[in-house]
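Scroll down for the structure; my scribbles are underneath it.
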Amino acid sequence: MDNIFKFKKFHILQDNSVFKVGTDSVLLGCLANLNEAAAILDIGTGTGILSLMCAQRNPYSQITAIDSEKNAYLLALKNFKNSPFSNNITCIHADLISLNTDKKFDYIICNPPYFKISKKLHQIHPIARHQIKLNYEDLIRMSALLLSEKGKIGYIFPIENEQEVIELTKRYNLFPEKIIYIMGIKNGKIKRVFVELCRNNKKITLKKFVIEEKPRIWSEEYKNLTKDFYL
């Protein structure tokens with residue numbers, strides 16, 4: 001076990017074989033509109049951070065967390081058990097394609113793999129960051145099947161993948177309700193995109209979001225967004 005990442009109401013045990021807590025997941029967990037989500041699906045839970053953030057933000061929700069990697073599944077189980085939200089979360093060792101459930105979810109959340117398959121990258125990054133077991137099309141197709149009629153989906157991914165993801169969502173009759181372009185630093189390049197999808201084609205809310213005002217100086221909007229989590 002490598003280290004522990006501490007939040008205000010829970011902590012995350014981390015391991016070198018599982019993708020560690022990062023800004024992408026924290027942003028996704030804070031930006032997702034979970035107000036009316038009684039049933040939440042966390043795809044590729046990893047350490048379990050998104051499920052724990054969802055449970056803290058919506059204590060009335062029941063969360064299903066899945067991961068196909070055994071190390072991640074076992075680590076998430078530990079993190080759920082050690083948290084005050086263990087009764088809200090069910091953890092399943094399964095991949096999305098073979099998930100055996102008739103349940104429909106009000107919110108589906110995922111920080112998806114974004115590296116194309118590469119031996120060199122595979123040596124640097126855990127398998128969770130590679131589109132080996134889950135590519136964008138499978139993710140979106142299965143999300144559409146599992147989503148409740150009025151449900152929402154939240155993804156975060158690199159700006160380079162925006163067009164590919166938006167085209168795929170149209171194919172499965174999912175439509176962006178909100179798109180937030182995320183800059184690492186003020187006046188810098190857009191690095192990430194948060195997209196929230198639904199089944200209705202409505203006017204899209206477009207926003208920009210800055211993580212750092214200057215190097216290592218959080219922006220006020222980032223501090224306000226994450227204040228319920230960071231110590």
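The values are calculated or read from the model by the stated rules, or taken from the named source; none is laboratory data. Computed from a predicted model, the values in this text were never measured in an experiment. Cβ placement follows ideal geometry from the backbone for every residue including glycine, while neighbour counts extend to all protein chains displayed. Ligands, DNA and RNA are stripped out before the accessible areas are found, and what is left, the full protein with its side chains, is counted by its heavy atoms. Shrake-Rupley method; radii C 1.70, N 1.55, O 1.52, S 1.80 Å.
Some points to look at:
- Residue match in segment 64-72 (condition: modelled with pLDDT of 95 or more, open to solvent by less than 60 Å² (accessible area, probe 1.4 Å) and either of a type in the set (Phe, Trp, Tyr) or more than 23 Å from Asn135 (Cβ to Cβ) (or both)): no
- The set of residues in segment 205-231 being open to solvent by less than 70 Å² (accessible area, probe 1.4 Å) and part of a loop (DSSP other than H, G, I, E, B) consists of Ser219, Phe229.
- Checklist (1) in contact with a Cys (Cβ under 7 Å, 6 or more places away or on another chain); (2) part of a strand (DSSP E or B); (3) open to solvent by less than 20 Å² (accessible area, probe 1.4 Å) applied to Leu139, failing item: (2)
- Ala128, sole failed condition from (1) buried (at least 17 other Cβ atoms within 10 Å of the Cβ); (2) modelled with pLDDT of 95 or more: (2)
- Every test in (1) touching a residue at least 40 places away in the same chain (Cβ under 8 Å); (2) open to solvent by 10 Å² or more (accessible area, probe 1.4 Å); (3) among the charged types (D, E, K, R) is passed by Asp42 save one, and that test is (2).
- First in segment 12-35 and among the acidic types (Asp, Glu), second anywhere and part of a loop (DSSP other than H, G, I, E, B), Cβ under 6 Å, 6 or more apart: Asp15/Met1; Asp15/Asp2; Asp24/Asn111
- Within segment 53-84, the set of residues being out of contact with any strand residue (DSSP E or B) (no Cβ under 7 Å at 6 or more places or on another chain) and within 19 Å of Asn33 (Cβ to Cβ) comprises Met53, Gln56, Arg57, Asn58, Pro59, Tyr60.
- Hits in segment 50-66 - residues which are under 16 Å from Ile108 (Cβ atoms) and without any contact (Cβ under 8 Å) to a residue 60 or more places away in the chain: Ser51, Cys54, Ala55, Asn58, Ser61, Gln62, Ile63, Thr64, Ala65, Ile66
- For Asp102: the one exception among (1) buried (at least 17 other Cβ atoms within 10 Å of the Cβ); (2) part of a loop (DSSP other than H, G, I, E, B); (3) without any contact (Cβ under 8 Å) to a residue 40 or more places away in the chain: (1)
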